[in-house]
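The structure appears right after this line, and notes come after that.
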Amino acid sequence: MPPAADPIAPLTLVVGDEEFLVSRALEDLRVAVQAEDPDVEVHEAEAGVVEPAELLQLLSPSLFGGRRLVVLRSAQDLPAARVQTIVPLLLDTDPDTTVVVQHLGGAKGKAVLDQLRKAKPAEISCAKMSRAEDRRLFLRNEVRRFRGRITPEAAAALMEAVGSDLREISATAAQLVGDTGGSIDVDAVAAYHRGRAEVSGFAVADQAVIGNVAGAVTNLRWALNVGVPAVVIADALADGVRTVARVLGAGPGDPFRLAPVLGMPPWKVKRARSQAGGWTEPGLRHALGVVADLNADVKGAAADPAYALESAVRRIAAARAER
C-alpha cells in the first residue's frame, strides 16, 4: 500500500486468502483515507447479500457532501446474476467516494476481478505465504514497518521460534522493536521467548479458572510445544486455583487493604476477584483436589504428563460450573 501521505486510488482491490493480511490492508486503507479526511463516512457491505439499490445509495454523492469510503467484502460471493449490475456501479462512482473491493482471489467469482482489473485499479496482494523465504521477507518488512532493524541471525531464530502464523510474527516483531529500542539481535529474541515461557503456565491457569476450556487448552499446547516444563504449568494451575480460593474466602474489601493480609500484590487480588465470579465452595474444593492430584501426576505418577495436564485443565474449568 502506498504511504498514507500519497493520494488513495479511487478503486483498490484487496485480493487473497490470508486473513491477517486482508484485515490489515483494509484497516490501513481506512486509516489512510481518514488521514486525508477525518470526517469521511465509512460504509461496508457483503457482496453476497447486498442489493444493487443499497450499493447505489452508498456510492451516490451525499446530500451534505463529504468523503465516503465504501468497502465491498467477499466479492467472490457476488451472485453471477448481479455481476453485470454491480460492477458498473463500482466503476462509476462520485469523485469523493473511495471504493475498496475485497476478494479471496480464487476461481470463484473470478469474473468480478477480471472486469474490475480492466479499470487498472490499485491492488494489494494478500495471498497466503507458503514458502519460508516469503515469511522471512514478511518478518523483515514488519520490523521495518515498526521502524526497527533485525540481524539475519535474529530473524532466523525468531522464525524458528514463532512458526508460520503471520499474525504472531507481526505481533512479536512489534513487541521486540518496542522492547529493544529498535535493534533486534539473537539475544533479544532468546530473552523474549524465555520471558514468554516463564509466564505461559499462568496464561493456561488464567483461562482455566474462568472456565475458558478452548483458551486454556490452546495455551497449554503452545506452552508444551515451546518446551515449558509440565511441573511449571502444574504449579501455575495450582497457584491460580488457590489464589481464587483465598481471595474469595477473604470476602469483599479494598484490594490494597487485603493484599498484605493475603500476602500478594494488589493487582493479583484484583485479578483473582475478577476471576472468582461463578465459583462456589464445592467447585473450589473439587478444583483444589484436581491440582493436588496433578502435582503428583507431573512428577511421575502419570504415564503421560501432557495428557494429565489437559485433563486437569478441563476438570478445573468444569468445576467452576459446579453448584
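The values are calculated or read from the model by the stated rules, or taken from the named source; none is laboratory data. None of these values were measured; they are calculated from a predicted model. Cβ: placed from backbone, ideal geometry, glycine included. Neighbour counts: every protein chain shown. Remember, those area values only see protein heavy atoms, side chains included, never the ligands or the DNA or RNA. Shrake-Rupley method; radii C 1.70, N 1.55, O 1.52, S 1.80 Å.
For the reader, a short list of remarks on this structure follows.
- Remark: the chain carries 52 Å² of accessible area per residue (probe radius 1.4 Å; ligands, DNA and RNA excluded).
- Counting Lys and Arg as +1 and Asp and Glu as -1 over every other residue whose Cβ lies under 14 Å from the Cβ of Met129, the net charge comes to -1.
- Radius 10 Å from Cβ of Arg149, net charge of other residues (Lys, Arg +1; Asp, Glu -1): +2
- Note on region 223-293 and region 60-132: Cα centroid distance 51 Å, given to the nearest whole angstrom.
- Pairs of Lys residues in the chain, spaced 8 or more positions apart or belonging to different chains, with C-alpha separations under 23 angstrom: 6 in total.
- Building the convex hull from the alpha-carbon atoms of region 49-202 and averaging its projection over directions returns 13.3 nm².
- Estimated FRET transfer efficiency (Glu19, Gln84; beta-carbon r; R0 30 Å; 0.05): 0.50
- Accessible surface of the chain [probe 1.4 Å, protein heavy atoms]: carbon and sulfur percent: 54
- Cβ-based net charge around Thr85, under 14 Å, with every Lys or Arg adding one and every Asp or Glu removing one: -2
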